[in-house]
Amino acid sequence: MNFETFFRLISYSAVFCGLLSLWVSGSFGIVVPLVFISVLIAAWILEDSKWQLSEKWGTALIVLALPAFIVGWRLGWLSIAEIDTAIAGVLARLILALSAIKLLQQKSSRDWVFLYLMSFFEVMLGAGLSISGLYLLSFLLYLLVMVCAIITFEIRKTAIVANRSPAVVAPNIQIPAGRLPVTSIVLIAFISSLAVPLFFMLPRVGGAGFGGGKNERTRSGFSETVTLGGTGEIQESDAIVMRVKLDKQSEHGNLYLRGIALDTFDNSAWRRSSVKELLEKGERDTIQIDNASSRENLSIQTVYLEPLLDTPVLFALPRAIVVQGNFSMLYKDLYGAISFPSTSERVSYKVLSDRSTPPPAKLRADHKPYSSQQNNYLQLPRTIDPRIGDLAERITAGSTNRYDQAKAIENYLQTSFGYTLQRRAGGSEPLADFLFNVREGHCEYFATAMAVMLRTQGIATRVVNGFHGGEYNDAADVTIVRERNAHAWVEVYFPSDNAWVLFDPTPAASLNALGLSDGLAGTFRKYADALETFWIQYFVAFDDQEQRSLARSVRSGMADFQVAGTVYLGIFKDIIGSWWAEVKGAEGGQARLTAIAKGIGVLFAVIFLCVLARWLFRWVLRWGIWQKLGRRFKAPAPGMVEFYEKMQEILAERGFHRKPFQTPVEFAASIEIPEVVRITEMYNGVRFGKQEISPGQFDEIDQWLRGIKSSEVAASSNR
């Protein structure tokens, strides 16, 4: 390929990679990329033609672009509804506009540098807007293309200087298209070997990206209130809310990720009346939430949480004991809900939860009366349909304790009602309409029905909002929780153990976890999600908390290695000590002879292995295996004549010396060895004809050199 063509191709590819980084970050829809790609194609066609913009016009348009974009933004001409941050959206479009002007302009070296810088800014802007694993792929592609572009740019610049004319770039130069990417990959690997350790060592500040949007949502998802009634259908959303990694793989199955608890019901909505308590970070870099009842059934979760709509809630398995994260403080209410001050950033944190629950037999024996502190969990609306209490009394008629009453109502709702996302129950008392007329609803109706019916029977309850289930990805060992997994359930209070026990009256058919499909598409999606999780875990959400965790893991690994080394060294010393005691006769004469025989056997085995290793090493050197393998993977450069020098060394050992006045052909003709002639012809082709030698020809040269070594021709005529 012609050098100038290759230079333009790789430079245009660098500009395209900048656009790709912005597109995969979700900065644009499809219109902006299509327009910019059209400009790329038009600029390529117009290169070196009279239709290109002059430098004067290009500079003028660039100067006018900034005020034009500001005016367009202020007047609302620029639509940026798809992007999280308006300023970032305007900036992204401005950068693309400037790049488009430069592409259509007659370009000097500094104009190409300008385009490279614009693509770099696009990649950096995309990094702030995206946590997608696709951005990682686009970034790796950008690195490869950009390193190639910079190398090619420097070659071109040097060629221009050498020709002393900015318009001439050695038209006959051919670019080695296979070697330049390889060189770029080697450079990237070298830079990465230095940069990656620095990335994991340098201090972290701020959050991950610019955060999520604040647009109103009319779809399924988490909310801090439960409101009954309304019409229409709830639209399920597959937007990812969080990724949860558990310390025990077996726990990934039936997850209930608790958000907030609600205690006050007014016939149409649930709210919470609790006051928040401020919790500050302790000496161990953790925030204590509660006390564990025992050391059994403790579970550690690592959560990578996306920003939600006005919801600074941290989700965890019940009951959260300790939170570790990049928080200086947290808030906790009386119902165990945990929140943090900001909602504008993606956050990662770890939670230690106590998942222990009293056994059913113990719960059935709990007849302890409630104290006045539980009165809010027994609250009912001022006016409530009396049929609700009558229905609860009929369902629980055969139950003599709180646990069996709760199980009876839970089973009744699960088996006697249908699940639907259609909001059909309404009126002044939507709950009564659900129970006695519609008999279908979503999880909030089922949780409300159970909580209210139990309260009519004098049992303390509260409704909990959070997430249930999720999609387990075994490639990344995480559960991916989406907005469609938002769920509501009930907690019942048992005063003897001071325990809130989870009950879920929603029918099992409502479980809406999005499973992986089978076949190639399912496998691809699984590994794509695993890649995105890796990107979030080790890059997007890698903060100073993760740095400390990594440092602890490294120290723990080194300590384990030292302990293992000490153990094996101790075992070796014991074996040597026992053998030496037997040699000295401590175990008797027969044991002494046996020990001496073992020692001699081991000594001979070591000597044999050393001799074998030496023989194998010399055998490898004699056959030149590594040199042959190197030639297989590395094509020789023009002018490579080491084999001719090797031949001269072999001939010199045989007594053949080339005279100063002899050409290579004359020297070969004076020696009656056919292999010398063949090697000389190959040398002339490489040295003067720019011929390249294939790996197969190298093997032939090796055979010719061995033939020269074994030749019996005398050197009397050439001494």
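With r defined as the distance between the Cβ atoms of Ala239 and Asp474 and R0 fixed at 22 Å, what FRET efficiency is calculated, to the nearest 0.05? Walk me through the numbers before you get to the answer.
Working: r = 22 Å, r/R0 = 1.02.
Working from the Cβ atoms, E equals 0.50.
Kindly give the semi-axes, whole Å and largest first, of the ellipsoid equivalent to the stretch 25-71, taking each as the square root of 5 times a Cα gyration tensor eigenvalue.
Numbers: eigenvalues 104, 75, 7 Å².
The equivalent ellipsoid of the stretch 25-71 has semi-axes of 23, 19, 6 Å.
With the calculation restricted to Cα positions, what are the radius of gyration and Dmax of the stretch 561-600 in angstrom?
12.8, 40
Given an 8 Å cut-off on Cα distances and at least 6 residues of separation, report the relative contact order of the stretch 422-503 as a percent. Don't skip to the answer; put the middle values down first.
Numbers: 109 pairs, mean separation 18.7, N = 82.
After rounding, I find 23 percent.
At 25 °C and 0.890 mPa s, what whole-number value in µm²/s does Stokes-Einstein give for the translational diffusion of the stretch 284-324, with Rh from the Kirkwood sum over Cα pairs? Each step should come with its number before you reach the end.
On the way: Rh = 12.0 Å.
It comes out at roughly 205 µm²/s.
To make sure I understand the rule: partners must be aspartates and glutamates, Cα under 12 Å from the Cα of Lys107, and not fewer than 8 residues away in the same chain. Which ones qualify?
Partners within reach: Glu47, Asp48, Glu55.
Between Thr225 and Asp497, what is the label-point separation in nm under the 7 Å Cα-to-beta-carbon projection?
About 3.5 nm separates the two model spin labels.
State whether the stretch 655-715 is rounded, prolate or oblate according to the following rule on the C-alpha gyration tensor (a ≥ b ≥ c being the square roots of its eigenvalues): a/c under 1.5 gives rounded; otherwise a/b larger than b/c gives prolate, and the remaining case gives oblate.
oblate
What order, most packed first, do the peptides 488-497, 397-406 have when packing is the mean number of other Cβ atoms within 10 Å of each residue?
488-497, 397-406
Give me P(r) over the stretch 270-372, computed from all C-alpha to C-alpha distances, binned every 5 Å, as integer percentages.
2, 11, 19, 21, 19, 13, 7, 6, 2, 0
In terms of Cα to Cα distance under 29 Å, which lysines are near enough to Lys598, apart from those fewer than 8 places away along the same chain?
Lys573, Lys584
When ligands, DNA and RNA are left out and all protein chains stay put, how many square angstrom of accessible area per residue does the stretch 347-497 have with a 1.4 Å probe?
Heavy-atom accessible area per residue stands at 39 Å².
When a/c is below 1.5 the answer is rounded, else prolate if a/b is larger than b/c, else oblate, so apply that to the stretch 363-494 with a ≥ b ≥ c taken from the square roots of the Cα gyration tensor eigenvalues.
Values: a/c = 1.95, a/b = 1.31, b/c = 1.49.
It is oblate, given that a/c is not under 1.5 and a/b is not larger than b/c.
Taking loop as defined by DSSP and a crowding limit of 14 other beta carbons within 10 Å, which chymotrypsin sites (Phe, Trp or Tyr not before Pro) in the stretch 652-694 fit?
Phe661
Checking the table Lys276/Lys368; Lys407/Lys526; Lys245/Lys281; Lys102/Lys157; Lys245/Lys407 against a 26 Å threshold on Cα-Cα, which pairs fail?
Lys276/Lys368; Lys407/Lys526; Lys245/Lys407
Which chymotrypsin sites (Phe, Trp or Tyr not before Pro) from the stretch 15-64 combine a DSSP loop assignment with at most 13 other Cβ atoms within 10 Å?
Filter output for the stretch 15-64: Trp51.
Show me the trypsin sites (Lys or Arg not before Pro) within the stretch 569-603 that DSSP assigns to loop and that have at most 16 other Cβ atoms within 10 Å of their Cβ.
Numbers: sites: Lys573, Lys584, Arg592, Lys598; in loops: Lys584.
Answer by residue number: Lys584.
The values are calculated or read from the model by the stated rules, or taken from the named source; none is laboratory data. Nothing here was measured: the structure is a model prediction, and the numbers come from that model. Heads up, the Cβs are rebuilt from the backbone with ideal geometry, glycines too, and the neighbour counts pull from every protein chain shown. The protein model used for the area step is the full one, side chains on, heavy atoms only, and it has no ligands, DNA or RNA in it. Shrake-Rupley method; radii C 1.70, N 1.55, O 1.52, S 1.80 Å.
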